[in-house]
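Below is one structure, written out as structure tokens; the observations come after it.
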Amino acid sequence: MFSDRSNWNLSPNALSLLLQRKKSAGDIVFDLTESNPTRVGLDYDAETILAALAQPQSIVYQPDPRGLEEARQAIAAYYRDRGQRLEIDSILLTASTSEAYSILFKLLGNPKDEILIPRPGYPLLFYLACFESLQSIAYPLRYDVRKGWFIDMDVLPALITPNTKAIVLVNPNNPTGSYVKQQELAALDAVCRRHDLALIVDEVFSDFETAAAPDRVRTAVNRSGALTFVLNGLSKMVGLPQVKLGWIVVGGDPDLAKAALSRLEMMLDFYLSVATPVQHAAQRLLCGCKAIQRQMLARITTNGRFLAERVASDRQQPCAAPGRRLVCDHQDIRRGLRRRPRSATARARQYAGTSGLFLRIQQGGICGRQPVDPG
């Protein structure tokens with residue numbers, strides 16, 4: 001009766017069962033994975049936020065598939081403050097960044113077509129592609145102790161086939177926190193133009209830079225020649241995941257961008273999913289985003305300093321490995337990540353992700369061109 005898209009293993013995993021037992025027993029649990037900003041002690045200007053969402057004009061419904069002009073003007077002003085000018089007609093509103101992905105996957109791919117996504121990466125991308133009957137093919141991010149994280153541009157082009165339709169870039173990446181470098185974006189743009197691919201750039205965490213670097217790309221807006229879709233939204237930017245407003249900035253090749261905008265406008269007209277109150281609130285919420293971002297950045301900086309101090313005081317940390325426990329010295333980890341097999345295919349099998357005190361040792365990685373498994 002049900003489609004294969006929802007054919008998941010819905011049984012709870014061991015961690016969920018343990019957490020459930022702890023809560024049932026009344027134990028106090030400190031959840032270090034908590035990602036809901038409204039539950040971690042941040043100081044929100046509740047009066048201003050609620051007033052922005054309760055404006056009288058919200059009682060009038062004026063559907064516009066691209067989004068209300070005043071909201072798109074506010075988003076254009078956000079980019080103008082960051083040195084990028086764009087026309088509001090290049091901005092399309094969605095109910096969330098996840099919805100933006102789904103709309104773009106519908107626009108770009110037919111069933112069984114392929115989307116290249118980063119690994120380490122955000123597992124949600126696999127599911128969003130699956131919902132549109134697309135295959136997710138992972139391209140590797142690698143780590144170098146001196147350069148940090150970088151895209152393996154030897155492997156990525158080797159993964160492209162006639163079925164490949166787009167490359168997804170998350171900037172900064174989740175979970176590594178690494179920003180794409182200017183030369184990497186230029187290389188991705190060249191690959192997309194050469195193979196007639198679209199570039200999708202997710203920038204939902206782009207405002208949370210803790211240390212500036214001259215070669216980092218803060219936004220891909222106005223930075224590419226290939227057809228490019230830049231995604232962002234209020235959920236992360238203003239620390240309000242319950243306020244659902246995302247957007248797509250369409251750019252790159254002018255002819256392709258014009259064609260994409262026309263098709264996207266029609267597709268969005270079928271949904272009209274963006275609520276009117278949040279569109280009227282967009283300008284006020286964007287103007288107030290720096291106050292909450294300062295608190296988040298201070299928390300990130302403090303947590304980062306704590307982790308660095310712990311690593312410095314204890315060089316040996318437990319590492320997760322398939323089916324066993326072991327202790328890895330950080331220098332051993334770094335030496336292992338520096339060993340690069342000669343062939344691009346072999347390198348696509350080798351990479352693993354490190355972040356803070358956690359190392360995920362992955363056996364196999366990409367085997368040839370197998371679709372991504374988020375498990």
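A few notes on this one:
- Part-to-part distance (alpha-carbon centres) for segment 163-180 and segment 207-262, which is given in Å: 12 Å
- Cβ-derived FRET efficiency at R0 56 Å, SER313 paired with LYS258, nearest 0.05: 0.45
- Sorted by Cβ density within 10 Å, fewest first, the residues ARG119, ARG5, ARG218: ARG5, ARG218, ARG119
- Computed about its Cα centre, the charge dipole of segment 118-159 is approximately 180 debye, with only Lys, Arg, Asp and Glu carrying charge at their Cβ.
- Counted by neighbouring Cβ atoms within 10 Å, the residues THR161, THR97, THR176 run from fewest to most as THR161, THR176, THR97.
- As a rough footprinting exposure proxy, the listed residues VAL29, VAL230 were ranked by other beta carbons within 10 Å of their own, and the order from fewest upward is VAL29, VAL230.
- For segment 46-288, the tally of Lys pairs with Cα-Cα distances below 29 Å comes to 18, considering only residues 8 or more apart or on different chains.
- Taken over the alpha carbons of segment 64-172 as equal point scatterers, the Debye sum produces base-10 log I(q)/I(0) values at 0.14, 0.22 Å⁻¹ of -0.73, -1.12.
- Charged-residue dipole, Cβ positions (Lys, Arg, Asp, Glu), segment 37-143 about Cα centre, Debye nearest 20: 480 debye
- Note on segment 46-288: dipole from Cβ charges, positive end direction compared against ALA158, CYS192, TYR127; the farthest Cα belongs to ALA158.
- Between TYR139 and ILE117, ARG119, the built amide H atoms are under 5 Å apart, and every one of these is 5 or more places off in sequence or on another chain.
- Per residue, the convex hull volume that the Cα atoms of segment 218-310 enclose (Å³): 138 Å³
- A simple charge model with +1 on the Cβ of Lys and Arg, -1 on the Cβ of Asp and Glu and nothing else charged puts the dipole of segment 46-288 at about 360 debye relative to its Cα centre.
- Counted charge near GLN55, where neighbours are those whose Cβ lies closer than 11 Å (Asp, Glu -1; Lys, Arg +1): 0
- Extension gain, ARG85 back to TRP8 (0.36 nm per residue minus Cα-Cα distance, nm): 23.3 nm
- For ASP113, the residues whose amide H sits under 5 Å from its own are GLN135, ignoring neighbours fewer than 5 places away on the same chain, with H placed 1.01 Å from N.
- Highest mean packing first, where packing is the average number of other Cβ atoms within 10 Å per residue, the peptides 106-112, 58-64, 204-210 line up as 204-210, 106-112, 58-64.
- Over segment 46-288, the ratio between the Cα radius of gyration and 2.2 N^0.38 Å evaluates to 0.99.
Throughout, read-outs are computed from the coordinates displayed, never taken from laboratory work. In this text the structure is predicted, and so the values were computed from the model without any measurement. Virtual Cβ from ideal backbone geometry, glycine too; neighbours counted across all protein chains shown.
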